[in-house]
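Nothing in this text is a laboratory measurement; each read-out follows from the coordinates by a stated rule. Keep in mind it's a predicted model, so treat the numbers as computed, not measured. Using ideal geometry, Cβ is built from the backbone for each residue, glycine included, and neighbour counts are taken over all protein chains shown.
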Amino acid sequence: MFEYILRLFILVPMIGGLAWGSLWLWRKAQMGLPMQGGSVRAAQMIDVLPLGPGSKLAVVAFGGREVLIAVTRTQITLLAEDTRENAGA
């Protein structure tokens, strides 16, 4: 009986830790974050403003300019573009 309780106190936290770690890794990979520290991305999310369920406005820096896009569940629409020299800096 003592051996069963000892296994229980060791294995339950270990399984919980493995579940938490796998969910953390899945969320990190799901968001598209670089898994290694030194990679440079071509596009960078500057700001996001939720408008309601399933829709938001986002400012994205890409190719030396900032673009304002509307994102819904079915489409992405370009709303405005900033091509100034200091955009993204």
- So, with points 7 Å from each Cα along the Cβ direction, the residue 73-residue 29 label distance in nm works out to 2.7
- Go through the range 13-29 residue by residue and turn each phi into a ³J(HN,Hα) via Karplus (6.51, -1.76, 1.60, θ = phi - 60°); whole Hz please, and just put x for glycine and proline. x, 5, 5, x, x, 5, 5, 4, x, 5, 5, 4, 5, 4, 5, 5, 6
- Note on the structure: Stretched fully, the stretch from residue 12 through residue 42 gains (0.36 nm per residue minus C-alpha distance, one decimal, in nm) 6.5 nm
